[in-house]
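The values are calculated or read from the model by the stated rules, or taken from the named source; none is laboratory data. Source: prediction; values computed, not measured. Ideal geometry is used to build each Cβ from the backbone, glycine not excepted, and the neighbour counts take in all protein chains shown. Accessible surface areas use protein heavy atoms only, side chains included; no ligands, DNA or RNA. Shrake-Rupley method; radii C 1.70, N 1.55, O 1.52, S 1.80 Å.
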Amino acid sequence: MFGTVSDEIEVNVPASEAWKLYSSLQLAKIVGEALPSLISKVDVVQGDGNAGTILHIFFAAAGAPGLESYKEKFTVVDHEKRVKEAEVVEGGFLDLGFTLYRVRFEIIGKKDSENQCITKASIEYEVREEVAVNASMVSIQPLATVMQLAADYLVQNYNKS
């Protein structure tokens, strides 16, 4: 069974500024610090934030059974298109019968305003038919929270040099 979910928000900073955050390891740091009830720790296993980077994400004790932690690998970091994709490569949803769990962030410049952009998050997943019921565990809400957190951070810190 294959599925996708997505969400997007408008952010009052230029797309180039939003991309600086989304394309770096700074996003994981900010999320880890701001959401200790959700994420207890983010370790960089390898890499510098470009394609090939692997993060080990640990959830707080309140996490769902089977989702204590997982490793994700950045498979795409396209600075021209402002797209970042990461796939779970160990643990997490893979332990629950998923054969694919891919997160995609996209930063889209607004044609009518160079000081605004849209951040879009999507999840693509595939789960084995015998555990298709686990597809109900996929939710865009955590990524919507990350996007709002990033938007707040960007607006607060834009032009504060």
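Quick one: how many residues across segment 26-57 are among the polar types (S, T, N, Q) and farther than 22 Å from Glu80 by Cβ? Matching residues across segment 26-57 total 3.
Across segment 120-134, the qualifying residues are those that are more than 11 Å from the chain's Cα centre (by Cα), closer than 27 Å to Pro36 by Cα and modelled with pLDDT of 95 or more, and the one among them that is surrounded by the most Cβ atoms within 10 Å (Cβ to Cβ) is Tyr125. Can you tell me which condition Ile107 does not meet? The list is (1) surrounded by fewer than 20 Cβ atoms within 10 Å (Cβ to Cβ); (2) closer than 22 Å to Leu21 by Cα, and all the others hold. It is condition (1) that Ile107 fails. Taking strands (runs of 3 or more DSSP E) as the structural unit, those lying wholly within segment 1-95 and holding at least 3 residues that are open to solvent by 30 Å² or more (accessible area, probe 1.4 Å) and of a type in the set (Ser, Thr, Tyr) correspond to 69-78. Of Tyr125, Tyr153, all but one fail to be in contact with a strand residue (DSSP E or B) (Cβ under 8 Å, 6 or more places away or on another chain) and of a type outside the set (A, V, I, L, M, F, W, C); the exception is Tyr125.
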